[in-house]
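Novice: Quick one: structure below, then a few questions.
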Amino acid sequence: MATALRLAQNPEADALLSRSPLAALIGMLLDQQVPMEWAFSGPYTLLERLGGDDLDAHTIATRDPDAFAALCARKPAVHRYPGAMAKRIQQLCAYLDEHYDADATAVWRDAASGSELLDRLEELPGFGRQKAQIFLALLGKQLGVRPEGWREAAGPYGEKSSFRSVADITGPESLDQVRAFKQEAKAAAKAAKAAKAAKG
């Protein structure tokens, strides 16, 4: 992973995301119900507390769950719901440990097609279809992981020149564009719901 990611908007946290596939996966896992920068800073917060040069799936998976939850909850917490997310992080790491020999890169290294890679990502604990498609788009757009059909497998998140998700964020300006898109989409969904209720 040679590309410099700019998702946490924090140099140290972004440097970790850029060199550590596991950190990027955990950041994506945490990216719900909190601002994106908070989610993608979470892996760096974990590393600071665990020590070492990189996050290790086997080490995280085998830590005492209560101790790990406490570590995630310590302020600043890694997420708004640190207890629930601590459990999900350990489930993700345990899955990687069991199925990919604790090597996050192995999830996508030899995927023969975009659809195969999407299937692998969807099998990860905590990754539904939308999260899997967004991470697939991030791999393709910014990290050079482009098996045949990756854009199609990523759905709308794979579109060129779009500003839909973290896959499209390369700095503060694109972050603002993605936020604006999400606000517009939310407003449109709200208006459609109101119109439907009025008809009913």
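The values are calculated or read from the model by the stated rules, or taken from the named source; none is laboratory data. Note that this is a predicted model, so its numbers are computed, not measured. Using ideal geometry, Cβ is built from the backbone for each residue, glycine included, and neighbour counts are taken over all protein chains shown. To get the accessible areas, we keep the full protein, side chains included, count just its heavy atoms, and leave off ligands, DNA and RNA. Shrake-Rupley method; radii C 1.70, N 1.55, O 1.52, S 1.80 Å.
Novice: Do you know which residues across the range 129-140 are under 22 Å from Thr170 (Cβ atoms) and open to solvent by 50 Å² or more (accessible area, probe 1.4 Å)?
Specialist: The answer is Gln130, and nothing else.
Novice: If you don't mind, another one. With touching a Ser or Thr at 6+ places or on another chain (Cβ under 9 Å), on the phi > 0 side of the Ramachandran plot, open to solvent by less than 50 Å² (accessible area, probe 1.4 Å) and touching a residue at least 24 places away in the same chain (Cβ under 8 Å) as the only criterion, which of Gly126, Gly149 stands out?
Specialist: Just a single option satisfies the conditions, and that option is Gly149.
Novice: Residues of the range 1-50 being surrounded by 15 or more Cβ atoms within 10 Å (Cβ to Cβ), in contact (Cβ under 8 Å) with a residue 60 or more places away in the chain and more than 20 Å from Gly126 (Cβ to Cβ), which ones?
Specialist: Met1, Arg6, Gln9
Novice: Follow-up question, since we're still on this one. Limited to the range 160-173, what total is found for residues that are assigned to a helix (DSSP H, G or I) and either on the phi > 0 side of the Ramachandran plot or exposed (fewer than 14 other Cβ atoms within 10 Å of the Cβ) (or both)?
Specialist: 2
Novice: Can you pull out the residues in the range 106-123 that are open to solvent by 40 Å² or more (accessible area, probe 1.4 Å) and either outside any helix (DSSP H, G or I) or touching a residue at least 40 places away in the same chain (Cβ under 8 Å) (or both)?
Specialist: Matches in the range 106-123: Asp110, Ala112.
Novice: Only residues that are in a helix (DSSP H, G or I) and under 12 Å from the mean Cα position of the chain (by Cα): list them for the range 124-159, please.
Specialist: Gln130, Lys131, Ala132, Gln133, Ile134, Phe135, Leu136, Ala137, Leu138, Leu139
Novice: Given the condition in a loop (DSSP other than H, G, I, E, B) and surrounded by fewer than 18 Cβ atoms within 10 Å (Cβ to Cβ), answer yes or no: does some residue in the range 90-103 qualify?
Specialist: Yes: the range 90-103 contains one or more residues that are in a loop (DSSP other than H, G, I, E, B) and surrounded by fewer than 18 Cβ atoms within 10 Å (Cβ to Cβ).
Novice: Residues in the range 15-35: is at least one in a loop (DSSP other than H, G, I, E, B), within 16 Å of Gln90 (Cβ to Cβ) and in contact with a helix residue (DSSP H, G or I) (Cβ under 7 Å, 6 or more places away or on another chain)?
Specialist: For the range 15-35, residues in a loop (DSSP other than H, G, I, E, B), within 16 Å of Gln90 (Cβ to Cβ) and in contact with a helix residue (DSSP H, G or I) (Cβ under 7 Å, 6 or more places away or on another chain): absent.
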